[in-house]
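Enquirer: Sending over a structure as structure tokens; questions will come in a sec.
The values are calculated or read from the model by the stated rules, or taken from the named source; none is laboratory data. Predicted model, so just to flag it, every value in this text is computed and none were measured. So basically every Cβ, Gly included, is an ideal-geometry build from the backbone, and we count neighbours across all protein chains shown. For the accessible areas, the whole protein counts, side chains as well, though only heavy atoms, and no ligand, DNA or RNA atoms are used. Shrake-Rupley method; radii C 1.70, N 1.55, O 1.52, S 1.80 Å.
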Amino acid sequence: MKAGEPGTSSEEASHLPAEKALGEPLLSCEKLVIGYGGKAMLPPIDLTVRRGQFVAVIGRNGSGKSTWFKTLLGLIEPVSGSVSRAGPHVRSAYVPQTSAIDALLPVRTRELTAWGRLSGWNFLRPFAARSDRHAVDTAIDTAGARAIAHRPYRELSEGQKQRALLARVIATEADLVLLDEPTAAMDAVAERETMQRLCALSRERGLGVVVVSHDLIVAAEHADVLLFVDRETSAIVMGDARTVFCHPAFRRQYGDDYCQRAPPGPHRGTDAG
Amino acid sequence: MEQTLVDPSKWEQFRAGWELFRDPILCALIAGCVLGFLSVYVVLRRMVFVSAAVTNSAGLGVALAFYSEIHLGMHVEPVLGATLLAVAATLLLMVEPARLRLSRESLLGMAYALTGGAAILVGDRISQEAHDIQGILFGTAVLVTPEQLATVAIVGGLVLFIHLWWYRGLTFASFDRVGASVQGLPVRVLDTVLMVSIGVMVGVSTRALGSLPVFAFSTVSAIAALVLDLRLPWTFLAATLAGGIAGVGGYLFAYFNDFPVGGSQTVVSAVLVGLAMAVRLVRNAVSKPS
């Protein structure tokens, strides 16, 4: 199935309300086909992530969302099509799952945040510049991570770990942030707080955000665009919560409840406060 | 007047023969420090078995160099053989094993077994150098040549210099590979530099000190440092010191107690882990709020 056919991406994507009002493109997927060993997992995807846009990728286990995300990160070659940044000036940052940072690693929040200042070959300067140190301090304050700045990452709670990783994202001064299930292993309160912080960051700094999420309701509450992928039915559905949740391919996997509860139109959650 | 002849004490013998012992002690100090520094990457990147396979490969490289000299009439410097095979093994182990439908552990296990077995087989055919081979595999060599010391010092100095210079990039790329890649760091270059430096340092140190202590320096030193639960830069420093102490302490322990050097250095490495654990227990007890 190709984008443009019923139940796939381009039909919905062409009239996404959020896209019209948002900023410059940061990342484009053009007829992107993902898969392994030359075998396509999903139909082609056309997607443009713009400045200030919040895209949530949802789907069941094995649906292809992780493969799509890895392709976006450049870790896997696309089967066909392309992923391109709008230009060399577009800076990207990645937020792994909190568990992806090895529990053995004796790194403190401040050191982790300082990694956010590294890009390209600037590590050849053996010591951080004063401006970098200042940016790290500011990022820690902005993320509300001052109290945990000198604590070992491994000793932090899940919510605190995510705050430390957000501090690193802020330190990167990135235009585009890619997050891999940032709220996995969190309780409901920490999850909502994290998504609210992300939302606020996206709005205030004009960040393009792409997040892989398992929590459909939280994703629907905060994202401008939901991208539902389903390998089983070869479906890609893109749009606001109602468009996605009421699509037959989605209902086949998750039932009708979400469609009835879906808020109409794009929704950007509430402020982090 | 009758004069009693008293054997000079071990300490006096050591002082008298200092010129003889200076080079191996210096060599153990340098190799211990540099490998101790590198051990933090080895342990935190879960590459302990890589280190074992690479040190075994270095041992095989030395054995092959002797073999080619004796049976093929071709002179190959043993240190070159050790370094070449260590680097080759390191680069080979960097290959993504999923391509071969294998796990990394299985590939490492195979490399370890193959190189260890091959070293024994090659050693069996070069009886003239059997003592040297024994020394290389178990680190029983008491002395090092000035060339070996110079090689270890130069290579060790270069490795440490590059690692301190590139510290920020190497740590980021090592401990959050995807994050570093997304931020545009040359992760493959950094990975290659790390792995080649481990391979080269293991290669030159194995020729001078033997496989067993080299393996201990490149793994156990970091364990002692990590037990102390310090910040990352201090962990590197502590591992560097632990490697150096194990190298020198092990040599002295072996000399004063008539033990094999390599075994002593290995045991001292492990004893340092025990000491680090004791320090941590005391520190926790002191800092525990009453």
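Enquirer: Which three lengths, in whole Å and largest first, does region B:1-63 cover when its Cα atoms are put on their principal axes?
Expert: 69, 27, 17
Enquirer: Taking a Cβ-Cβ separation under 4.7 Å as the criterion for a possible partner, which cysteines of chain A have none?
Expert: So, A:CYS29, A:CYS199.
Enquirer: Keeping the other protein chains in place, figure out the carbon and sulfur percent of the accessible area of the protein assembly as shown, with a 1.4 Å probe.
Expert: Using a 1.4 Å probe with all protein chains present, the protein assembly as shown comes out at 60 percent carbon and sulfur.
Enquirer: Report relative contact order for region A:103-174 in percent, whole number only (criteria: Cα-Cα under 8 Å, sequence separation at least 6).
Expert: Values: 85 pairs, mean separation 35.9, N = 72.
For region A:103-174, the relative contact order is 50 percent.
Enquirer: Filter chain B for me: DSSP H helices, axial length by Cα at least 15 angstrom, mean Kyte-Doolittle hydropathy not below -1.0. List them by residue number.
Expert: B:18-44, B:48-71, B:78-94, B:104-124, B:146-165, B:187-209, B:232-257, B:261-287
Enquirer: Take every residue in peptide A:90-102, count the Cβ atoms of other chains within 10 Å of its Cβ, and give the average of those counts.
Expert: Working: counts 0, 3, 4, 3, 7, 3, 5, 0, 0, 0, 4, 3, 5.
Counting Cβ atoms of other protein chains within 10 Å of each residue's Cβ and averaging gives 3.
Enquirer: Using alpha carbon centroids, what distance separates region B:19-43 and region B:137-199, in Å?
Expert: Here the answer is 14 Å between Cα centres.
Enquirer: Sticking with this one: What's the longest uninterrupted piece of chain B once you rule out the trypsin sites (Lys or Arg not before Pro) that are loop residues per DSSP with at most 13 other Cβ within 10 Å?
Expert: Details: sites that count: B:ARG46, B:ARG101, B:ARG125.
It runs B:126-290.
Enquirer: Give me the residues in region B:166-199 whose solvent-accessible area, probe 1.4 Å, is reduced by at least 30 Å² once all protein chains are included instead of the chain isolated.
Expert: B:TRP166, B:ARG168, B:PHE172, B:PHE175, B:ASP176, B:VAL178, B:VAL182, B:GLN183, B:LEU185, B:PRO186
Enquirer: Which distance in nm do the two modelled labels at A:ASP257 and A:SER131 give, with both placed 7 Å along the Cα-to-Cβ direction?
Expert: In this crude label model, A:ASP257 to A:SER131 measures out at 5.2 nm.
Enquirer: For region B:147-290, what is one quarter of the convex hull surface built on the Cα atoms, given in nm²?
Expert: Average of the hull's projected areas for region B:147-290 equals 10.7 nm².
Enquirer: For chain B, what is the relative contact order in percent, using Cα pairs closer than 8 Å and at least 6 residues apart in sequence?
Expert: Reported relative contact order: 30 percent.
Enquirer: Kindly report the accessible area of the protein assembly as shown per residue (heavy atoms of protein chains, probe 1.4 Å, no ligands, DNA or RNA), in Å².
Expert: Accessible surface, normalised per residue, equals 45 Å².
Enquirer: How high is the FRET efficiency from A:SER80 to B:GLN13, r the C-beta distance, R0 60 Å, rounded to 0.05?
Expert: Once rounded, the FRET efficiency stands at 0.20.
Enquirer: Another one. What whole-number distance in Å separates the alpha-carbon centres of region A:161-228 and region A:73-152?
Expert: 15 Å
Enquirer: I need the semi-axes of the equivalent ellipsoid of the protein assembly as shown: take the C-alpha gyration tensor, multiply each eigenvalue by 5, square-root it, list largest first in whole angstrom.
Expert: The equivalent ellipsoid of the protein assembly as shown has semi-axes of 55, 27, 18 Å.
Enquirer: Largest first, what is the accessible-area ranking of A:TYR258, B:TYR41 with a 1.4 Å probe?
Expert: A:TYR258, B:TYR41
Enquirer: How big is the C-alpha Rg of region B:21-281 next to the rule-of-thumb value 2.2 N^0.38 Å, as a ratio?
Expert: Against the empirical 2.2 N^0.38 Å value, I get 0.97 for region B:21-281.
Enquirer: Kindly sort A:MET195, B:MET277 by accessible area of their heavy atoms, largest first, with the probe set to 1.4 Å.
Expert: B:MET277, A:MET195
Enquirer: For A:GLU232, A:GLU111, give the ranking by accessible area with the largest first, probe 1.4 Å.
Expert: A:GLU232, A:GLU111
Enquirer: Suppose we keep just the alpha-carbon trace of region B:1-134; what are its Rg and Dmax in angstrom?
Expert: 20.5, 84
Enquirer: Could you tell me, in Å, what Rg and Dmax come out for the Cα atoms of region A:87-246?
Expert: 16.6, 54
Enquirer: Now a separate question. In Å², rounded to the nearest 100, what is the total accessible surface buried by chains A and B against each other with a 1.4 Å probe? Intermediate values should be presented prior to the final figure.
Expert: Details: alone 12630 and 15260 Å², together 25220 Å².
The contact between B and A buries close to 2700 Å².
Enquirer: At 1.4 Å probe size, with no ligands or nucleic acids counted, give the accessible surface of A:ASP215 in Å², nearest ten.
Expert: Number for this one is 50 Å².
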